[in-house]
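K.L.:
Take this structure first; my questions come after.
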Amino acid sequence: MEKKLPKIEIIEKYCKGCHICVEFCPKDVLEMKGFYASVKNLEACISCMQCELRCPDFAIKVITE
Amino acid sequence: MAFDYDKWIRPGKLPHIWCPGCGHGIVMKGLIRAMDTLNLKKEETAVVSGIGCASRLPGYIDCCTLHTAHGRAAAFATGVKMAKPEMNVILVGGDGDGTAIGGNHFIHACRRNINMTYIIMNNYIYGMTGGQFSPCTPTGHKASTTPYGNPDPGFDIAKLAIGAGATFVARGTAFHANQIDKLIAEAIQHKGFSVVEILDDCPTTYGRRNKYKSVIEMMNRLKDVAVPVKAAEKMTAEQLQGKVLTGVLYKDETKPEYTAEYAKVIERAQAAK
Ligand SMILES: Cc1ncc(C[n+]2csc(CCOP(=O)(O)OP(=O)(O)O)c2C)c(N)n1
Ligand code: SF4
Ligand code: SF4
Ligand code: SF4
Ligand SMILES: [Mg+2]
């Protein structure tokens with residue numbers, strides 16, 4: 001069965017570019033693109049929600065079904 | 001599913017004022033998740049603070065809130081709780097607010113064992129005013145007022161709270177984000193004065209001065225120093241050198257709670273009329 005990928009929403013108007021989500025993602029899904037966090041490799045995402053949980057700025061949402 | 005923080009945030013208040021990587025936002029999210037899990041009613045919940053970066057928190061939360069004078073959150077919160085004992089009263093603030101100027105209010109709220117929850121965000125510094133040392137700054141560490149290293153030993157907030165009479169004391173960290181809501185929820189449910197210390201980071205005024213290269217380094221330090229109480233039981237004193245215990249550190253459900261005791265005083269006084 002194919003793995004269900006979530007939708008990752010990064011709200012740039014809230015993101016302060018702290019790198020926390022990028023550094024602590026266990027699957028290296030995210031990267032910094034300029035000032036903001038951005039999705040680099042969604043395929044690898046395991047929907048662990050760590051990035052959403054840790055972001056101090058309410059700037060990242062992992063939307064699963 | 002993504003957690004819906006929006007229902008607890010006052011419309012139009014984000015982005016918040018905290019610096020990039022400041023852990024106060026992580027703590028606020030933990031508090032929101034705890035209030036949500038417990039199904040607290042906004043009109044029956046008051047979040048009360050003093051002054052400082054940490055104390056800005058109530059401004060964002062959509063429930064009853066009070067942003068008061070520096071160090072005085074416990075005094076104002078006690079007023080709210082005495083007037084409306086049925087309310088959930090949650091105090092929030094920083095290490096400076098709570099253990100320096102507000103230290104006296106803090107210990108007496110503990111002593112009274114009044115049914116409120118105090119979340120103290122310990123970033124070891126006065127963040128808001130540019131990084132003066134606080135009573136929690138560790139010995140040898142640098143602040144704007146201790147450029148050659150702090151000669152004072154720092155307070156252990158949890159031990160202080162236990163010694164002063166708080167009946168629920170827990171500690172977490174901004175790194176262990178998943179645990180924050182659980183500790184806060186358990187604290188809110190406890191009948192008595194509960195204290196949750198969250199070891200936090202202030203990259204702007206503390207990290208920089210103390211040679212942390214990044215927010216990530218500060219987060220990794222929190223990860224490394226924390227030892228859950230259960231794990232600590234199996235460790236030697238040597239292994240515990242430089243570590244900080246996390247989890248529920250103390251719980252006493254036998255001690256009388258202040259608003260209940262006060263209700264009895266009212267009854268006695270009315271009977272005596
Ligand atoms: C009566 C009074 N004295 C001093 C100040 C200045 N002051 C504002 S915030 C603060 C310290 C805040 O430190 P902390 O509570 O640790 O919060 P942080 O900013 O680190 O989150 C001080 C000394 C004040 N606002 N009022
Ligand atoms: S949900 Fe987990 S795996 Fe996916 S991007 Fe976030 S931290 Fe990485
Ligand atoms: S953790 Fe949040 S604020 Fe920090 S870079 Fe990621 S999305 Fe931006
Ligand atoms: S000065 Fe420090 S405590 Fe204040 S918002 Fe910035 S990082 Fe947080
Ligand atoms: Mg502080």
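K.L.:
Quick check on segment A:3-15. Is at least one of its residues surrounded by fewer than 21 Cβ atoms within 10 Å (Cβ to Cβ) and more than 13 Å from every other protein chain (Cβ to nearest Cβ)?
P.N.:
Checked segment A:3-15: at least one residue is surrounded by fewer than 21 Cβ atoms within 10 Å (Cβ to Cβ) and more than 13 Å from every other protein chain (Cβ to nearest Cβ).
K.L.:
Here's another thing I want to ask about it. With (1) in contact with an Asp or Glu (Cβ under 7 Å, 6 or more places away or on another chain); (2) free of Cβ contacts under 8 Å to residues at least 24 places away in the same chain as the list, and B:Met87 as the residue in question, which single condition is left unmet?
P.N.:
For B:Met87, the failing item is (2).
K.L.:
What are the pairs with Cβ atoms under 6 angstrom where one residue, in segment B:247-260, is more than 16 Å from B:Thr117 (Cβ to Cβ) and the other, located anywhere, is in a strand (DSSP E or B)? Sequence gap at least six, or different chains.
P.N.:
So the pair list comes out as B:Gly247/B:Pro228.
K.L.:
Assess whether A:Ile20 counts as being without any contact (Cβ under 8 Å) to a residue 40 or more places away in the chain, among the β-branched types (Val, Ile, Thr) and facing chain B (nearest Cβ under 7 Å).
P.N.:
yes
K.L.:
Only strands (runs of 3 or more DSSP E) wholly contained in chain A count here; list those with 2 or more residues that are under 10 Å from the mean Cα position of the chain (by Cα) and either within 16 Å of ligand 1 (Cβ to nearest atom) or farther than 21 Å from B:Asp6 by Cα (or both).
P.N.:
A:30-33, A:36-39
K.L.:
Within segment A:47-63, identify whether any single residue is in contact with an Asp or Glu (Cβ under 8 Å, 6 or more places away or on another chain) and surrounded by fewer than 19 Cβ atoms within 10 Å (Cβ to Cβ), and answer yes or no.
P.N.:
The answer is yes, given that some residue of segment A:47-63 is in contact with an Asp or Glu (Cβ under 8 Å, 6 or more places away or on another chain) and surrounded by fewer than 19 Cβ atoms within 10 Å (Cβ to Cβ).
K.L.:
Right, here's the next one. Quickly run through segment B:1-38 and pick out the residues that are more than 10 Å from every other protein chain (Cβ to nearest Cβ) and of a type in the set (Ser, Thr, Tyr).
P.N.:
Scanning segment B:1-38 gives a single hit, B:Thr37.
K.L.:
Which one is modelled with the lowest pLDDT among residues in segment A:1-34 that are more than 9 Å from ligand 3 (Cβ to nearest atom) and over 16 Å from A:Gln50 (Cα atoms)?
P.N.:
Among those that are more than 9 Å from ligand 3 (Cβ to nearest atom) and over 16 Å from A:Gln50 (Cα atoms), it is A:Met1.
K.L.:
For the condition under 30 Å from B:Lys84 (Cα atoms) and within 24 Å of the chain's Cα centre (by Cα), what is the one hit in B:Tyr212, B:Tyr250, B:Tyr262?
P.N.:
Values: B:Tyr212 fails: under 30 Å from B:Lys84 (Cα atoms); B:Tyr262 fails: within 24 Å of the chain's Cα centre (by Cα).
Step by step, each of B:Tyr212, B:Tyr250, B:Tyr262 is checked, and only B:Tyr250 is under 30 Å from B:Lys84 (Cα atoms) and within 24 Å of the chain's Cα centre (by Cα).
K.L.:
While we're on this one: Cβ-Cβ below 7 Å, separation at least six or inter-chain, first residue in segment B:179-207 and more than 14 Å from chain A (Cβ to nearest Cβ) and within 16 Å of ligand 4 (Cβ to nearest atom), second hydrophobic (A, V, I, L, M, F, W, C) and outside any helix (DSSP H, G or I): which pairs?
P.N.:
B:Glu197/B:Ile120; B:Leu199/B:Ala174; B:Leu199/B:Val244; B:Thr205/B:Ile125; B:Tyr206/B:Ile125
K.L.:
Output the helices (runs of 4 or more DSSP H) that fall wholly within segment B:130-249 and possess 3 or more residues being over 26 Å from B:Arg33 (Cβ atoms), or say none.
P.N.:
Ranges flagged: B:157-164.
The values are calculated or read from the model by the stated rules, or taken from the named source; none is laboratory data. Small disclaimer: the values here were computed from a predicted structure and weren't measured. Glycine gets a Cβ as well: all are built from the backbone with ideal geometry, and neighbour counts include every protein chain shown.
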